[in-house]
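**Q** Let me give you the structure first, and then I'll get to my questions.
The values are calculated or read from the model by the stated rules, or taken from the named source; none is laboratory data. All values reported here derive from a predicted model rather than from experimental measurement. Backbone-built Cβ (ideal geometry, glycine too); neighbour counts: all protein chains shown. Heads up: the accessible areas ignore ligands, DNA and RNA and are worked out on the full protein's heavy atoms, side chains in. Shrake-Rupley method; radii C 1.70, N 1.55, O 1.52, S 1.80 Å.
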Amino acid sequence: LYASQHGDQYDRIAWVEQRDSLVQSFATDAGLQASLGIRQEQGETFEQVCYRMLLALQNMDGTNLLVVDNADQGLREWSEQLPQGKNWHVLLTSRQVIGSCERMELGKLGPDAARELFLKHCTKPQDVGALDAFLEKIEYHTLSIELFAKLLEAHREMDTVGELSNYLDTHQLDDETLQAVVDLEHARGETTRYRHLLQAFDLSGIDQRPELLRLLKQMAALPPGAEGYPARDLMEWCGIEKDKTTFANHLQELHRLGWLLQPQKNHFGCHRLLKAIVNQTRPADKEDLMPLVEAFAEKLSFDESKDNPADKIEWIPSGQSLLRSAEHLEFNEKAALQNNLAMVLKHLGDYAGAKALLEKALQSHERNFGPEHPTTAVTYSNLALILRALGDYDGAKGLLEKALQSDLQHFGPDHPNTAVRYSNLAIVLMDLWDYAGAKVLLEKALQSDERNFGPYHPTMAARYSNLAIVLRDLGDYAGAKVLLEKALQADERNFGPDPPNAAWYNATLGSILQELGDYAGAKVFMEKALQSDERNLGRDHPDTAVSYSNLGAILAGLGDYENARKLISEAYAIFRNQLGEGHPNTQAARGLLKQLDEMEGSKG
């Protein structure tokens, strides 16, 4: 309401709907990212991309408004990062009191406006006094007014608001059900409003129309979505291949009855309050959700050798919303959605969220397939990768040993699946300082994949680079260099001259040549790494700062103290501004600058 009434006072309005955490809501808002020219890079966490987005907003000129819709207490942790100063106003909509934010109670429609809205949707003649009394009973709540008006318009046996009012008075609800909905929405103090919405649902008769009820359950399983969803997308997600006209008519019928919003032509969505009521009082069953779960499990699936998980960001809210609606159900397709969503969250840095999902998927797979089934083995392996990221190396090793045993039993030692398990277990052994054991497993994985795929398959780059790291740590720098060059060649053949991991390959090659004392050769690779980072991440990204620092250290080794100082100073400034003075990277850069002072002093 504020944005619509005062929008002409602002040069820009940014709108973010908070679904889970504020950080994730920003990081998964594809529209805002496109407007800011920001894309989540591979390996970048939600926190990192959220910080970049907020920084980009802060740096905008003009007079701007940021609206965070449905904010919760978690926003307090990021309140100091929100845009500030004379250029920005920040408006939060919330059902909670958030810190010291100035509160503005949401106004209600006045009697005249409420009456006008009701009569817009209900053409049946009404007594003005009875209508005003009814509108007062439902507290002039906009959604309730529209819903009851449409309900009365469509009802065959009820014509007046007097009859509606009598229905509300005489049809009592189960208080336990009402309280469950109120608790779900954190809406204490609004019990009366929810009671009326629940009564409207009972009165609508949708329970007697299975095809409409099923579609409403499916719509309630999706995120609310302020802009709604195109009907053609809903048809795809709901698995509608035939009778598309019937499906479109059902969408229109639910809108006519007030249960779906139509914010723009051929776009439909379910209001957040109605979504909560449907999910709580008419929980979906497996058949209702199966097509949606399968559709979004596929959209969240990705091949690590060729796909960028950042491309899957837009589907995260839908996957999470579906899983909340299916929380009371257990079926194999749900576990697949949990697994795929978890792997996307893992690559985007949400390890805790990924772990919770994979633990649920693993329980389902162990129960339905048994501990030695190949599907269970995949989940063991995926959960192990999360435990490794969280520092639980022993837990990761135990799960990967189970996965490897299953793969050896079902596929044999030379199967690609077994090679993946060899490689993952080897990486954990490296974390546990067992480089000799890791080397044996990585050599098995490499030999298997070379036989199955050839030297230039996308998978081979990871095999070469993992074994190269082990050889480097075992002191075999020459062998590591050969393997990293092969990895870079494989990626360049598959992804072009600037593959996604080019900066990492070049930086690692540079560090190996530095260890071998070849500073001139190291300089060439570090310059390539820096160029790649500047091109793909920008000059102010922390990863680019690492490249500045690395190249600066090499130049110092070559005696070029002046240019070394420029690069390391640039890195220090980026680390300090973006990560803080106490961050290890900031402290390391400061230490390098001190070493430069000593080196230049000793030279003088």
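**Q** Calculate what fraction, in whole %, of the accessible area of segment 526-604 sits on carbon and sulfur atoms when a 1.4 Å probe is rolled over the protein chains.
**A** 46
**Q** Let me ask you something else. Which lysines, if any, have their Cα less than 23 Å from the Cα of K486, not counting same-chain residues under 8 positions apart?
**A** Candidates past the 8-residue exclusion: K306, K439, K444, K523, K528.
**Q** In addition: Enumerate the aspartates and glutamates that K265 could reach by cross-link, defined here as Cα to Cα under 13 Å, with residues fewer than 8 away along the same chain left out.
**A** E227
**Q** If amide H atoms are built 1.01 Å from N in the plane of the peptide, which residues on other chains or at least 5 residues away come under 5 Å of the amide H of F268?
**A** Those lying under 5 Å, H to H, from F268 are Y229, A231.
**Q** Looking at the chain, what % of its DSSP beta bridges pair antiparallel, to the nearest 5?
**A** Antiparallel bridges: around 25 percent, rounded to the nearest 5.
**Q** Right, here's the next one. In terms of modelled amide H atoms, which long-range or inter-chain residues lie less than 5 Å from the amide H of E17?
**A** Amide H neighbours of E17: D69.
**Q** Which of the trypsin sites (Lys or Arg not before Pro) found in segment 191-276 are in a DSSP loop and have at most 10 neighbouring Cβ atoms, other than their own, within 10 Å?
**A** Passing sites in segment 191-276 are K242, K265.
**Q** Taking every eigenvalue of the Cα gyration tensor of segment 269-414, multiplying by 5 and rooting it, what semi-axes result, largest first, whole Å?
**A** Sorted largest first and rounded, they come to 29, 17, 14 Å.
**Q** Measuring with a 1.4 Å probe in the full set of protein chains, what accessible area per residue, in whole Å², belongs to the chain?
**A** 47
**Q** For segment 461-564, what class follows from the C-alpha gyration tensor (a ≥ b ≥ c being the square roots of its eigenvalues): rounded when a/c is under 1.5, otherwise prolate if a/b is larger than b/c, else oblate?
**A** Note, shape of segment 461-564 comes out oblate.
**Q** Once you've got the Cα coordinates, tell me which of K137/K217; K334/K355; K346/K481; K286/K334; K275/K360; K217/K334 are over 18 Å apart.
**A** From K137/K217; K334/K355; K346/K481; K286/K334; K275/K360; K217/K334, over 18 Å: K137/K217; K346/K481; K275/K360.
**Q** Kirkwood Rh, segment 357-436, all Cα pairs: how many Å?
**A** 12.5
**Q** Of all GluC sites (Glu not before Pro) in segment 515-593, which ones are in loop regions per DSSP and have a Cβ with at most 13 other Cβ atoms within 10 Å?
**A** Here the GluC sites (Glu not before Pro) that fit, given the DSSP loop and packing criteria, are E581.
**Q** Rounded if a/c is under 1.5, else prolate if a/b is larger than b/c, else oblate: which is segment 521-604, with a ≥ b ≥ c the root eigenvalues of its Cα gyration tensor?
**A** It comes out oblate by the Cα gyration axes.
**Q** I've got another one for you. Per DSSP helix of 4 or more residues, -39500 (n - 2.57); summed, then divided by the residues of the chain. What does that give at 222 nm, rounded to the nearest 500?
**A** Computed mean residue ellipticity for the chain: -20500 deg cm²/dmol.
**Q** If you don't mind, there's one more thing I want to ask. Which ³J(HN,Hα) values, rounded to whole Hz and listed in residue order, are derived for segment 195-210 from phi using the Karplus coefficients 6.51, -1.76 and 1.60 in 6.51 cos²θ - 1.76 cosθ + 1.60 with θ = phi - 60°, glycine and proline given as x?
**A** 4, 5, 5, 5, 5, 4, 5, 5, 6, 5, x, 5, 4, 8, 10, x
**Q** To continue, here is another question. In whole angstrom, how long is each semi-axis of the equivalent ellipsoid of the chain, when you take the square root of 5 times every eigenvalue of its Cα gyration tensor and sort them from largest down?
**A** 54, 32, 19
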